[in-house]
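S.K.: I have a structure here, written as structure tokens, and I will follow up with some questions on it.
Throughout, read-outs are computed from the coordinates displayed, never taken from laboratory work. What you are looking at is a predicted structure, and each value in this text was computed from that prediction instead of being measured. Here the Cβ positions follow ideal geometry from the backbone for every residue, glycine too, while neighbour counts run over all protein chains shown.
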Amino acid sequence: MSLSKEKVCKRLGKKLRNLRIEKGYTLEGLANEANLDYSQLSRIELGKINTSVYQIYKISVYLNIPMNEFFNEIHHL
């Protein structure tokens, strides 16, 4: 099954939000740590924008999780 870009972005955003909350970060706190704009991180979590691999890398560093954690469940969410 192939997913549309919109579905992938929404699922990735949902996973990011769940991981952020699980790790105890606020949206603003993680944005500051990862040197991202607050509104940009919000749009990523909402699945409104297609983010870069580098931004996912930066976020994963500050959440202290492997990058593949974002993608492991993308087909199952």
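S.K.: Compute for the chain: radius of gyration divided by Kirkwood radius, i.e. Rg/Rh, restricted to C-alpha atoms, rounded to two decimals.
M.R.: Answer for the chain: 0.93.
S.K.: Sticking with this one: So what is the calculated 222 nm ellipticity per residue for the chain, using -39500 (n - 2.57) for each DSSP H run with n of 4 or more, over all residues, to the nearest 500 deg cm²/dmol?
M.R.: The helix contribution divided over the chain gives -17500 deg cm²/dmol.
S.K.: Let me know the number of lysine pairs in segment 5-70 closer than 17 Å at the Cα, not counting same-chain pairs under 8 apart.
M.R.: Total qualifying Lys-Lys pairs in segment 5-70 comes to 12.
S.K.: Label 7 Å along Cα→Cβ of Tyr54; segment 1-17 residues with amide nitrogen under 17 Å?
M.R.: none
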